[in-house]
Amino acid sequence: MMNFRDLGLTAPILRALTQEGYTDPTPIQRQAIPPALAGRDVLGCAQTGTGKTCAFAAPILQRLNQAVPNPRVIRALVLTPTRELAIQIQDSFVAYGRNLPLRSAVIFGGVGQQPQVDAIRRGLDILVATPGRLLDLHGQGLLDLSRIEIFVLDEADRMLDMGFIHDVKRVLKLLPEKKQTLFFSATMPPEVMGLVNGLLHDYVRVAVDPVSSPVEAIRQTLYYVDKANKTKLLAHLLEERGITSALVFSRTKHGANRIAQDLQKRGISAAAIHGNKSQTARVQALSDFKAGRVRVLAATDIAARGIDISELPFVFNYNLPDVAETYVHRIGRTGRAGHEGEAISFCQFDEKDELKAIEKLLGRAIPVVEGHPFPMENFDPPQKDKHGRPVNAEDAEARAAAKERRRERDAQNKTRAQERKLAAAPPPPEEADAPKKKKRRRRKSGGGAQGEAPARPVMVSADKEPPALRDKPANRGVRQGRLEDTLPDDPSMPITDFYKPNPLDSDVIMDATARLLAPRRPAPRPQVQRAPDPPKGREQKKSTPPKPRRQGKKQGAPVQPEKEPVLPPSLAGRKKRRRDDRPRPVDAPLRSDRQKDSTQHKSLMRPYYLHDDD
C-alpha cells in the first residue's frame, strides 16, 4: 500500500499531513502528486471530496520551498470560482505548510480590499483568488503576476457555469507563457476541453471514477411530495431521525431564506447562505454551522462546490436542479474522506423531467421511499408561459417576491423623498407671517424684550392706520433713523404721516434754507448768430453744415429748407445744452471754464428733490 512518503514529499509536509490526520493518500493524490512534483502539467478529473486540494497544494509547497527569493514575489496562483472555496484552499495551504517559511493569502470580492492589499505588499509566495477581485487589483496596479511559476485552475466546469470563463481567459493573458499548470474539474464539457487544449502542454491526465459519478458511500433516497408540504416533510425527517446537522439545497435565494425562516418558526435553528448575503454573513453562517450552533444550513448552488464540512451526515435536495451534474456536486458535500453520508431528495410533480436527467446520468434509479405522512396529491401538469415553455413554481414565486420587495423599496424611497421635500420647504405664508406681524406690533408698542434689536419703522399713513393703534399713544420713528425721542407722548399730537418728511427734521430745515438762499437764474438772452469762421483744412470743411437739398428738377423751382426732426412728446420742450453753457448777465465777470458756481455742484445744498424748474 502506497503512503505519502512514497509519493516523494519532504519531511516538513509529511509531519503537517500527519497532524491533519492523513494516513493514506486518496486515488487522486496518488496519481497527481508525483507528476506535479516533476513539474509537468496535470489534468485532474474527479468529483469533490476526493482530496483534490491536497493533490495540488502539497506539490506547490514543496517546489516553492526549494528557493525563496528576497523580496518575496507571487510565484503560485490558485484561481477558484467561489469565495468559500477560496477560503478553504487558503486554510489548507496554511495547514500543510505550517512547517515551511512560505507565505500565502486569499483575496475575494464582497469585502474591503485594504487588508488584502496590505497582505500582498508584505510579500507573498502563494495567492488564492477569485477572478473578479484578482482582475480588479491588477487593474489598479496592486498585483504583479509576471513571476508566476505554477498556475492552478480549480473547479473549471463551475467557472463555466457561473459565467467566469471570460474572466479566466483575461487572467491567462496576464500570466507568463512558461509555467506549470494544474487543471482540475469534475466534469469535462466541450467548452472546458477547448480551454484545456489551449492551456495545457504535454500534460498527464488523471481520472478517478467515471466522470460525474457520485461517491459509492453516499446513500440516496427520493421522496415524492407536493411543493406546499416540503417544509413539513423536512421538519418531520429532522425530528424523527434525530438529524443534528444537515445541508439543504434550494433552487432560488428566496427559497433558501424561506426554508430557514419556516424551520426557525418550528423551533429548529437554521441559517441561509447565498449570493445576496454579504461575505461577512456568509462566513458567519458557515462558521456557526460547522461549530454546531446552527442545525440546518439552507444554501443555493453557490455552496454546492468547495464547502468542506467534515463528517457532514445529511444533504437534502429541497428542489431538484436543472443540470444533472449539479446534483452530483450537491450530494458530494457528504460522504467525504471515506465517511458515510446520505442524500435525501424531494420531488414534486413538475420536477419529473429533472429527475429523469439525473437518473440517466447516474445510470440507475434513485430508491423511492413510500409511506411517509405527506404523499404527493397534486398531479396537475406544470404551467406554461406564452411561449409554451414550462414555468417552474419556485422561479415564479421568487420573481413575485422580488417584485414585491422592489415595490416596497420604491414606496419607502418615495416616502423618504416626500419627507425630505416637506422638511426643506418653507412654511406656508399664513403661518410664516403671523408671528412676524405679532412681533412688529409688540415692537411698535414698545413691548420688545430687553436687549432686543429694534425693528426698522414701517411707513404707515394716518388714514390707513388701524383704529386700535390710532387710539394708542406711541413713540414713532420717522423716515430716517430712529427718532423716537423727538416726538412727544401727548395723545393730542396728530399722527405723523410717514410718507412725507417730518417738518421738524433737521435735514428738511437745511433743505428749505438752501432752497431760499439759492439764487434765481435770469431769463435767457436771445442768442446772436455769429458769422462762420473761414475754413481751416479738411477738418473744418467736414464740420460745415450741408447745403439744403433742391426740390424738383425744373429750373426756378423754390428751394425748400430742411425740416427739423420731430421730437417725441416726452422730449418736446427740452433744450440740449451743457452745464457750462448757462446764460449769464452781460456785466457778469468772466471766469475760467473749470470754475463753477456753488449751485452747480451736487451737494447737500442741492437736495435730490429740488429741480431747476421749481
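The values are calculated or read from the model by the stated rules, or taken from the named source; none is laboratory data. What you see is a predicted model; the values in this text were computed from it and never measured. Here the Cβ is made from the backbone with ideal geometry for all residues, glycine too, and neighbour counts use every protein chain on show. Ligands, DNA and RNA are excluded from the accessible area calculation, which covers all protein heavy atoms including side chains. Shrake-Rupley method; radii C 1.70, N 1.55, O 1.52, S 1.80 Å.
I'd like the residue in region 160-179 that is among the charged types (D, E, K, R) and assigned to a helix (DSSP H, G or I) and, out of all such residues, is nearest to F108 (Cα to Cα).
Among those residues, the one meeting the criterion is D167.
D118 passes all but one of (1) within 31 Å of the chain's Cα centre (by Cα); (2) among the acidic types (D, E); (3) under 29 Å from G163 (Cβ atoms); which number fails?
The number of the failed condition is (3).
Here are the criteria: (1) under 23 Å from G335 (Cα atoms); (2) touching a residue at least 24 places away in the same chain (Cβ under 8 Å). Tell me which single one K253 does not satisfy.
Evaluating K253 over (1) under 23 Å from G335 (Cα atoms); (2) touching a residue at least 24 places away in the same chain (Cβ under 8 Å) leaves (1) as the failure.
Of the numbered conditions (1) modelled with pLDDT of 90 or more; (2) open to solvent by 10 Å² or more (accessible area, probe 1.4 Å), L233 satisfies every one except a single condition; which is it?
The number of the failed condition is (2).
When residues of region 1-43 are filtered for being under 46 Å from the mean Cα position of the chain (by Cα), within 24 Å of V204 (Cα to Cα) and surrounded by fewer than 16 Cβ atoms within 10 Å (Cβ to Cβ), how many remain?
Going through region 1-43 one residue at a time, the tally reaches 1.
Counting just the residues of region 217-230 that are open to solvent by 50 Å² or more (accessible area, probe 1.4 Å) and closer than 15 Å to I344 by Cα, which one comes out modelled with the lowest pLDDT?
The residue in question is R219.
What pairs come up if the first residue lies in region 105-121 and is touching a residue at least 24 places away in the same chain (Cβ under 8 Å), the second is assigned to a strand (DSSP E or B), and their beta carbons are under 6 Å apart, counting only those six or more places apart or on different chains?
What qualifies is I107/A129.
Does region 278-318 hold any residues that are of a type in the set (S, T, Y), more than 30 Å from the chain's Cα centre (by Cα) and either modelled with pLDDT of 85 or more or part of a helix (DSSP H, G or I) (or both), and which are they?
Y318, the sole residue that qualifies.
Can you pull out the residues in region 278-289 that are loosely packed, with under 14 Cβ neighbours inside 10 Å and in contact (Cβ under 8 Å) with a residue 24 or more places away in the chain?
Residues satisfying the conditions are S278, T280.
State all residues of region 257-277 that are open to solvent by less than 20 Å² (accessible area, probe 1.4 Å) and modelled with pLDDT under 90; if no residue qualifies, say none.
Hits for region 257-277 are I273, H274.
I'd like the full set of residues that are under 38 Å from the mean Cα position of the chain (by Cα) and in a helix (DSSP H, G or I), limited to region 180-195.
Across region 180-195, the qualifying residues are E191, V192, G194, L195.
Is there a residue being at pLDDT 80 or above and under 30 Å from P27 (Cα atoms) anywhere in region 366-380?
Yes.
Taking only region 233-261 into account, find how many residues are in contact with a Lys or Arg (Cβ under 7 Å, 6 or more places away or on another chain) and assigned to a loop (DSSP other than H, G, I, E, B).
2
Does region 387-403 contain any residue that is modelled with pLDDT of 85 or more, in a loop (DSSP other than H, G, I, E, B) and over 36 Å from the mean Cα position of the chain (by Cα)?
Checked against the condition, which is being modelled with pLDDT of 85 or more, in a loop (DSSP other than H, G, I, E, B) and over 36 Å from the mean Cα position of the chain (by Cα), region 387-403 yields no hits at all.
Only one of (1) farther than 16 Å from V42 by Cα; (2) buried (at least 22 other Cβ atoms within 10 Å of the Cβ); (3) more than 36 Å from the chain's Cα centre (by Cα) fails for E177. Which number is that?
(2)
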